[in-house]
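Q: The structure is given below, and queries will be raised subsequently.
The values are calculated or read from the model by the stated rules, or taken from the named source; none is laboratory data. As the structure is a computational prediction, the values presented were derived from the model and not from experiment. Methodologically, a virtual Cβ is constructed for each residue, glycine included, from the backbone with ideal geometry; neighbour enumeration extends over all protein chains shown. What goes into the accessible areas is simple: the full protein's heavy atoms, side chains included, and nothing from ligands, DNA or RNA. Shrake-Rupley method; radii C 1.70, N 1.55, O 1.52, S 1.80 Å.
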Amino acid sequence: MENAAPTRLSAVVDVSRAVGATAARSRKVVLIADLLRTTPTDDVAVVVAYLSGELRQRRTGVGWASLRDLPPPAVDSVLMLRDVDDAFERIAAAAGAGSQAARATLLSKLFAAATADEQDFLRMLAIGELRQGALDGVMTDAIAKAYDIPLVDVRQAMMLRGELPAVATVAAAQGAAGLATIDLQVGRAVQPMLAQSAPSVAAAMEKLGATRVAVEWKLDGIRVQAHRSGERISVFTRTLDDITERVPEIVDAIAALDVRDVVLDGEAIALDERGRARPFQETAARTSSKLSVDQLRQKIPLAVLVFDVLHLNGEPLLKLPAQQRQRELEHVVPADLRVPRLVTDDPGIAAEFFADAIARGHEGVVLKSLAAPYQAGRRGAGWVKVKPRHTLDLVVLAAEWGHGRRRGTLSNLHLGARDSSGGFVMLGKTFKGLTDETLAWQTREFLDRETHRDSYTVYVRPEMVVEIAFDGVQRSPRYPGGVALRFARVLRYRPDKTADQADLIDDVLAIYSGSRSAVTQDSFSDTGQT
């Protein structure tokens, strides 16, 4: 709405509280849609971001400690949404000497103008703890309802644009016609296609329902999407973060290709001198570090291995069958930069390929339909992964102080899976699989994220994702989900993932109810091509 009055922060706070107070998805959608309908176009992106529990500025430097000593709340509500967004923009921009003091001054000024309810809202929003049940699915439905646009059109635009606030702004200003113009754009990341799971290669082939399938190595690396337009090259993670400056060897590899413009999907991975995968933590450290990149490149060089092409020399390829995309890929990317694969109709040959991938230190394989298009952002039916062990990506909710040689460190982890409302369901605890180095590191990280504690447990903001291996799922009345993991142990932390990308409690319940016999083989983890 171009002529609508600027949005008050209090209006967003009221809707947030109402959305959080109802468990009915349909009611959440109506509440958000009603607000969006009366929101001026310039404010839509901020409303969608805030009701999704996020700031538009992904990193502001504001943590729990920054919010401990704030001024008393204002009596009257005077803050406009644009003022709040501008304030966080200035806070995020503060850098260099004196930046901490500058952020504190800006925060104090903002919170001094906020009422008690608004302060609570902003505090939770700033530290990522605003969980009102307005996840992407609910917000997508609300955008469609608010602007009377077919839901399928909003979903398609979201997959290609990658950001709901931006999609909502186009929907508000231009409707369905505007969303139809959103396409893959070189230089702007799209959400990656994901894979379903199967307990064995034979089961994966049956799930694909095809006589001939492609079988590819599933690498233990970081999913990357590389874009090139002329001399301009960008590299994005699965969470759409731009890491171009951190991965110069990947930039060099893409620059060497004989193409005008291209979008490639693949994995960044650190390999040893024998070509085996180095520990995942080394790959993660390389792709997350902005400092001493040249020195790190010498110490832990990255390789890039590509498995799909989404755009080539002016032509979008998303809708083409996988077999045709593969032919295009082979024309422009040399074999040493492609993920090893074979095409077969023989489950035995596919199983041998799987065993060889495992023997070489990789995670498993991904089986792919030769006819499937690239379904951006979807866990489509065209890709099925197979891994030799069962893992989950869970969120650390708390940690207990250790005993004996672990005294002084936070050791026993409280593990949670996501639920549909945006909260977390505890599945049990584990202290297994933690090295002394990891114990020291996680203690520092947990204390930085502490929300409160009791005599032996430190509770933390649910931000850190950890990959957990386990032997099964069993019934347990001790935990709210009614189930617990058997013999859970830590494999690694996942700095490449955010908490909203952790596995769902529904996945865990599905393992318990229907997959117990295959629990040591199947996987609900989202590493790599997942």
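Q: Charges only on Cβ, +1 for Lys and Arg, -1 for Asp and Glu: so what's the dipole of the chain about the Cα centre, in debye to the nearest 20?
A: The calculated dipole for the chain is roughly 1200 debye.
Q: While we're here: Report the one residue of Pro334, Val304, Leu320 whose Cα lies farthest in the direction of the positive end of the charge dipole of the stretch 285-346 (charges on C-beta: Lys and Arg +1, Asp and Glu -1; origin at the Cα centre).
A: Val304
Q: Given a 1.4 Å probe, how much area per residue of the stretch 286-331 is accessible, in Å²?
A: Result: 55 Å² of accessible area for each residue.
Q: Run the dipole for the stretch 459-516 about the Cα centre, Lys and Arg Cβ at +1, Asp and Glu Cβ at -1, nothing else charged, and hand back the magnitude in debye, nearest 20.
A: So the magnitude is around 300 debye.
Q: For the stretch 384-434, what is the relative contact order in percent, using Cα pairs closer than 8 Å and at least 6 residues apart in sequence?
A: 28
Q: Run the dipole for the stretch 1-155 about the Cα centre, Lys and Arg Cβ at +1, Asp and Glu Cβ at -1, nothing else charged, and hand back the magnitude in debye, nearest 20.
A: Working: 18 positive and 20 negative charges, 88 e Å.
That gives a dipole near 420 debye.
Q: Now a separate question. Apply the Karplus curve 6.51 cos²θ - 1.76 cosθ + 1.60, θ = phi - 60°, to the phi angles in the stretch 14-22 and return the couplings in whole Hz, x for Gly and Pro.
A: Per-residue couplings from phi come out as 4, 5, 4, 5, 5, 5, x, 8, 10 Hz.
Q: Treat each spin label as a single point 7 Å out from the Cα along the C-beta direction, and report the Thr244 to Trp64 distance in nm.
A: Here the modelled spin labels are 3.7 nm apart.
Q: Related question: Rolling a 1.4 angstrom probe over the protein heavy atoms, how many square angstrom per residue are accessible across the stretch 1-147?
A: Per residue, the stretch 1-147 has an accessible area of 47 Å².
Q: Between Arg378 and Phe487, what is the FRET efficiency for a Förster distance of 41 Å, r being their Cβ-Cβ separation, to the nearest 0.05?
A: On the way: r = 33 Å, r/R0 = 0.80.
For R0 = 41 Å, the calculated efficiency reads 0.80.
Q: Report ³J(HN,Hα) in whole Hz for each residue of the stretch 50-58, in order, from the Karplus equation J = 6.51 cos²θ - 1.76 cosθ + 1.60 where θ = phi - 60°; Gly and Pro get x.
A: Running phi through 6.51 cos²θ - 1.76 cosθ + 1.60 with θ = phi - 60° gives 5, 6, 8, x, 10, 7, 5, 7, 5 Hz.
Q: Using θ = phi - 60° and the Karplus curve 6.51 cos²θ - 1.76 cosθ + 1.60, what whole-Hz ³J(HN,Hα) does each residue of the stretch 267-277 get, with Gly and Pro shown as x?
A: Whole-Hz 3J(HN,Hα) from phi for the stretch 267-277: 10, 9, 8, 8, 10, 7, 5, 8, x, 8, 5.
Q: For Ile233, which sequence-distant residues (separation of 5 or more, or a different chain) have an amide H within less than 5 Å of its own amide H, given hydrogens modelled in the peptide plane?
A: The answer is none.
Q: Ordering Asp69, Asp252 by accessible area with a probe of 1.4 Å, largest first, what comes out?
A: Largest to smallest exposure gives the sequence Asp69, Asp252.
Q: Could you rank the peptides 427-433, 256-262 by their average count of other C-beta atoms within 10 Å per residue, with the highest value first?
A: For the peptides 427-433, 256-262, the packing ranking is 427-433, 256-262.
Q: Sort Tyr512, Tyr479 from largest to smallest accessible area, using a 1.4 Å probe on the heavy atoms of the protein chains.
A: On the way: Tyr512 55, Tyr479 30 Å².
So, going from the largest accessible area down, we get Tyr512, Tyr479.
Q: Sticking with this structure for a sec: Quick one: if the Förster radius is 56 Å, what FRET efficiency do Ala93 and Leu342 give, using the C-beta to C-beta distance and rounding to 0.05?
A: Working: r = 51 Å, r/R0 = 0.90.
Given R0 = 56 Å and the Cβ-Cβ separation, E is 0.65.
Q: Sort Arg325, Arg341, Arg379 by heavy-atom solvent-accessible area, probe 1.4 angstrom, most to least.
A: Values: Arg325 5, Arg341 70, Arg379 100 Å².
Putting Arg325, Arg341, Arg379 in descending order of accessible area: Arg379, Arg341, Arg325.
Q: Further question on the same structure: What figure in square angstrom, to the nearest 10, would you give for the accessible area of Ile149 with a 1.4 Å probe?
A: Using a 1.4 Å probe on the heavy atoms, I get roughly 10 Å².
Q: Follow-up question, since we're still on this one. At a Förster radius of 22 Å, what calculated FRET efficiency corresponds to the Cβ-Cβ distance of Val293 and Ala255, to the nearest 0.05? Intermediate results must be reported in sequence, preceding the final value.
A: Working: r = 16 Å, r/R0 = 0.75.
For Val293 and Ala255, the calculated efficiency is 0.85.
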